[in-house]
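The values are calculated or read from the model by the stated rules, or taken from the named source; none is laboratory data. These figures come from a predicted structure and were not determined experimentally. Positions of Cβ are generated from backbone atoms using ideal geometry, with glycine treated the same way; all protein chains shown enter the neighbour counts.
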Amino acid sequence: MTKRFLRVISAIVLLVAVSGAALAKEITVRGRLQKTVEAGGWLIVASDHKYLILNAQKFMNEKWFKESAEVEAVGQTKDVMTTFMEGTPFEARTMRPFEQRGSETSGNTPDVRGLTRVLVSGDSLVQAMPDTAVLTISVVTQAKRAMDAQQENATKSDAVVRALKSAAGSGAEVKTSGYSLQPQRLYRENQPPTITGYEARNGVIVTLSDLTRVGPVIDAAAQAGANDVTGVSFTLRKDRPARDQALAEATREAVAKAQVIAQSLGGRVVRIVEVQEEGTTRPPEPRYSMEAGQAKLAASTPIEIGTLDVRSRVQLLAEVEAGG
């Protein structure tokens, strides 16, 4: 009785196992690869459903495995819980790239026109007026003793800062850029250097948005005792409109290039696969400089502002359908 009972139980277990295997049927999924909010997750987006690939790492080293690629996968859906449950969990046994062909013609001849990917670039140059000037002005004093150089520099620097604030206006920013007190050495052959005096340098940076004040600020600083204007640079603080315009023009140029290539092949641009911005740059701004010792100006300092060049470059990957 016991042996017979065991044989019956074994038969039931085998039947249940066979039934379970029959229920776990494989399915074929065709769709487009897409990244998901799951950590390192990938989806196959079919026409009416999404499948979350549980073992995507198995195929990620394949060259064709990338976003928007059309694939065909064979595997099983799984009854598991994921973090966000975006799509039906799916474990793929095989996966390969899949090219969808167009609908057949009346003569049952498939559309053999293929898609070609072209990589083009677009460049643009936009000129914009600067809205900010940055001046670097210093007071340099020399004396036999360090104390004398320092005290003379402090007196002149205080007068220069007051003159700068008055000439630049309330909206300007005046701040110290650096201070140094260094010995001046005399070098003779086969002798140790000797200290002949000391030089004190106090630098100030002035940032102002009223560009009409640039010349008067330089004049006021020179009259107050400044004797080294390292330079005047112009920049564009509010550069978003110019950058956006440059980026838009560069993108339009890239699209136009792709369309020209498509037309030369007797086809059309099917879609834009990817666009990458390679950056927006501005060349060095116009500068003005004045050497130490040339601070006393007989006339007002003329400053020509000019325009700034804003450049943008993009790369565009497009799918082109060539004529048959």
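Entry remark, the range 132-162: residues being in contact with a Gly (Cβ under 7 Å, 6 or more places away or on another chain) and in a loop (DSSP other than H, G, I, E, B) number 1 in total.
Do we have Leu211 as in contact (Cβ under 8 Å) with a residue 12 or more places away in the chain and not assigned by TED's automatic domain parsing to the domain that holds Arg311 here? For Leu211, the condition - in contact (Cβ under 8 Å) with a residue 12 or more places away in the chain and not assigned by TED's automatic domain parsing to the domain that holds Arg311 - is met. Within the range 224-272, the set of residues being over 26 Å from Thr116 (Cα atoms), of a type outside the set (S, T, N, Q) and under 24 Å from the mean Cα position of the chain (by Cα) comprises Phe234, Leu236, Arg237, Lys238, Asp239, Arg240, Pro241, Ala242, Arg243, Asp244, Ala246.
In the range 71-90, how many residues are among the acidic types (Asp, Glu), at pLDDT below 90 and surrounded by 13 or more Cβ atoms within 10 Å (Cβ to Cβ)? Walk me through it before giving the result.
Taking the range 71-90 and keeping what is among the acidic types (Asp, Glu), we get 72, 79, 86.
Subset that is at pLDDT below 90: 79, 86.
Still in the running and surrounded by 13 or more Cβ atoms within 10 Å (Cβ to Cβ): 86.
The total comes to 1.
Please determine, by comparing only the residues of the range 28-55 that are without any contact (Cβ under 8 Å) to a residue 24 or more places away in the chain and among the small types (Gly, Ala, Ser), which one is farthest from Arg93 (Cα to Cα). Across the range 28-55, the extreme among qualifying residues is Ser47. Scanning for something in contact with a helix residue (DSSP H, G or I) (Cβ under 9 Å, 6 or more places away or on another chain), farther than 25 Å from Thr280 by Cα, at pLDDT below 90 and surrounded by 20 or more Cβ atoms within 10 Å (Cβ to Cβ), does the range 192-212 turn up at least one residue? Within the range 192-212, none of the residues are in contact with a helix residue (DSSP H, G or I) (Cβ under 9 Å, 6 or more places away or on another chain), farther than 25 Å from Thr280 by Cα, at pLDDT below 90 and surrounded by 20 or more Cβ atoms within 10 Å (Cβ to Cβ).
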